[in-house]
Amino acid sequence: MNWQIVLSVGAGGFVGAIGRFTIAGFVQKIVGSTFPYGTLTVNILGSFIIGFLFLFFEQSIAPTQKALLVTGLLGALTTFSTFSLETVLMLQDGLLLRAVLNTTLNIVLCISATIAGMMLFRKIYGI
């Protein structure tokens, strides 16, 4: 195991998690809505940044820098950015059906998993 990469992911994750908390909270407070605009904002921001960095990193970057910024920072800021990049790459490769399947499965299964987790909690704790 390369500990430099592991520590880079951890450092990026630390900053990304704080960024997510701060940005999402700030946006939600400003908008003042019950719709999760804060989460939407960090997901869109993370998707934008990963799109930019993906092309930037094609030039040349050290593995520790990529681990810090993509896996750590953006992974903690939002995993939606990774999903978005993977779907865009499928579309660029002409894999329309695979991209649609990826999108559908991510949305349906992740929302379903959230519901299942809530149901399990309610069952265990009688709520």
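Selection of first residues in segment 107-126 that are farther than 24 Å from Asn43 by Cβ and of second residues that are modelled with pLDDT of 95 or more, restricted to Cβ pairs under 7 Å at least 6 apart or on distinct chains, gives an empty result. From Thr22, Thr39, grab the single residue that is without any contact (Cβ under 8 Å) to a residue 40 or more places away in the chain, surrounded by 12 or more Cβ atoms within 10 Å (Cβ to Cβ) and more than 17 Å from Thr82 (Cα to Cα). Going through Thr22, Thr39 in turn, the sole match is Thr22. Where residues in segment 1-30 are assigned to a helix (DSSP H, G or I), of a type in the set (A, V, I, L, M, F, W, C) and more than 16 Å from the chain's Cα centre (by Cα), which of them is farthest from Thr71 (Cα to Cα)? Applying the filter and picking the extreme gives Ile30. The set of residues in segment 63-117 that are polar (S, T, N, Q) and either in contact with a strand residue (DSSP E or B) (Cβ under 8 Å, 6 or more places away or on another chain) or within 23 Å of Ser8 (Cβ to Cβ) (or both) comprises Thr64, Gln65, Thr71, Thr78, Thr79, Ser81, Thr82, Ser84. Of the set (1) hydrophobic (A, V, I, L, M, F, W, C); (2) touching a helix residue (DSSP H, G or I) at 6+ places or on another chain (Cβ under 7 Å); (3) over 15 Å from Phe80 (Cβ atoms); (4) without any contact (Cβ under 8 Å) to a residue 24 or more places away in the chain, all apply to Ile5 but (4).
Ser81 fulfils the conditions (1) surrounded by fewer than 15 Cβ atoms within 10 Å (Cβ to Cβ); (2) within 24 Å of Leu7 (Cβ to Cβ) except for a single criterion, (1).
The values are calculated or read from the model by the stated rules, or taken from the named source; none is laboratory data. Since the structure is predicted, the reported quantities are computational estimates derived from the model, not experimental observations. Neighbour counts run over all protein chains shown; Cβ positions are idealised from the backbone, glycine included.
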